[in-house]
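What follows is calculated from the coordinates using simple rules that are stated; it is not laboratory data. Model, not experiment: these values are computed from the prediction. Cβ atoms come from the backbone with ideal geometry, glycine included; neighbour counts cover every protein chain shown.
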Amino acid sequence: MKQSPINLLQKLIKIDSQNPPGDERKIIYFIRDYLRGLGVASKVYEFKKDRLNLVCKLISKNSKKKILFSPHVDTVPATGKWQYPPLSAKIIKGRVYGRGATDCKVNVAASLYLIKLLKEQKIKLNNIDLIFAFTGDEETGSHSGIIPLAKYLKGIDCGVVLDSDEFDIIVAQKGMLHLRVELTGCEAHGAYPERGINAVEKGVAILNEILTEKMPFTPHVLLKKPTLNIGRFNGGDKVNIVAGHAFFDIDIRYLPSMKEKEIIKNIEKIIKKQKIKYNIKILANQDPLEIDKNIPAIKILRNVLKKNKVKGKLRPSFGATVITFLKDAGIESFSFGFGSKGNAHIKNESVKVDNLNKGVKILSDYVKQLDNYFG
C-alpha cells in the first residue's frame, strides 16, 4: 500500500525522542534510511554523544539561491496520565495523538513527504537548492542541535524554521533573559537573628520589589509587553540558622525597545537597596527579533496560503525559537508550520490530520513558487 503523510507521521511519533533524557539516534537513523530509500544522500552531525542532527540537499539546475527548511526531531517528555499511550500515534476523529504530534513531528513528516513527492515525480527545481536540517536538542537549548549545526550551513539565503501552529508565520519574537541572582548574607543562631544577615529575607524583599516595579518599555504592536517570572528560589540550610545564602532565578521576556544591560542595571538598583553581597549570572540570553514581513520568501508564502484558502497569519512568538540562532549565524529566517494550536507540550498532544495533508500541498506549492520567483 502506498505510504501516506499520515502513515509517515505515525511512524515518527512511535519513535521515542524525548528530551530529556535526549537521544536522537533512532529517529535520525529512521530519517536517514527513509531518504536513502528515495535515493537522497544525507549527512549526520553529532556534536555530543547520541545527540544527532541530519542535513540533506536537493540541488537545482542553476543553484541561484539556497533555501533552508528546518524542523526539530526531539520532543518534551510524555509526563502525566494520557488517554492514549503517548507513543501509540492513534488516529481518533481526524486527529493523530502522541507526544510530538504537533511539536514538531508533523513538520518533520511534511518535509520528508515533500522530498518524496519531488523525487517520485522526478522534479528537479531550476533555481533554488533545498536544504533540509532535521535537528535535535531543541527542547533543552539547542546546544547540540542548531547552534553548532548552523556553522555548517553555508551560503543559505533564507531559512524557514518549521515549528509553528496553524500555518501562522512568525515575524517577531521576544528576547529571553534568564538570570540567577546569588545573595551572600551572614549566618547566626536562629534565636538571635539580629546578629546575622538573612539572605532569604533579603531575597524576598528584593523579589517583592522586582515584581511590583514596572519595567520601562515601548509597546510593540505584536509583542505587546514584557513579562517576568520567578522560576526558582532556594536558600538557607536549617530552620534555626539565619540564612547565610540564597539564590533565585528570573525568566524575563523582553521587547526590541529594551536592552539586556538596562534590565540588569535596574535589577541591581533594587538589590543594592538591601545592602547585601550579590552576584548576577546570565544563564541564557536570546535577543528579541523582528523580521521584515515584506521579504520575498514571506510574501510568496502568504500568496500560496491565500491560493490554498488557508488563513495563516503574521504572528509573534512570546517564547524563544531557534530563529535567533540562525540569525546569529547570518541566516535570515522566519518560522512557519502545521501544528495544532494549544497542543505543544501538553498531555494527550495531537495534531489535525488535515493540517498535515494541507501542509504537504502548501510546501510543494511554495517551493515551486520560490523557484519561479528566483528564475
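Tabulated values for the structure
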item	result
DSSP-defined antiparallel bridges as percent of all bridges, the chain, nearest 5	70
Residue among K281, K66, K361 with the largest mean-square fluctuation in a Gaussian network model of the chain, springs linking Cα atoms under 10 Å	K281
Residue-averaged 222 nm ellipticity for the chain, from DSSP H runs of 4+ at -39500 (n - 2.57), nearest 500	-9000 deg cm²/dmol
Relative contact order (%) - the range 175-286, alpha-carbon pairs under 8 angstrom, separation at least six	47
Angle in degrees between helix 296-307 and the longest Cα principal axis of the chain, rounded to the nearest 10	70
In Hz, Karplus ³J(HN,Hα) per residue of the range 43-51 (6.51, -1.76, 1.60; θ = phi - 60°; x = Gly, Pro)	10, 9, 10, 10, 9, 8, 3, 6, 9
With Cα atoms, 0 to 90° folded angle of helix 106-120 axis to the chain main axis	20
Contour minus Cα-Cα distance for L314 and L207 (0.36 nm per residue)	35.0 nm
For S364, S63, S335, order by how many other beta-carbon atoms lie within 10 Å, fewest first	S63, S364, S335
Most fluctuating residue given options F318, F30, F134, as computed from a GNM of the chain linking Cα atoms under 10 Å	F30
S257 long-range amide H proximity, modeled H, under 5 Å	T218
GNM top mover of H245, H72, H345 - the chain, alpha-carbon springs below 10 Å	H245
Centre separation in Å (Cα based) which lies between the range 97-157 and the range 222-300	32
DSSP bridge orientation in the range 59-151 - percent antiparallel, rounded to nearest 5	25
Neighbour-count ranking [beta-carbon atoms within 10 angstrom, fewest first] of C104, C158	C158, C104
The range 1-130, dipole about Cα centre (Lys/Arg Cβ +1, Asp/Glu Cβ -1), debye to the nearest 20	420
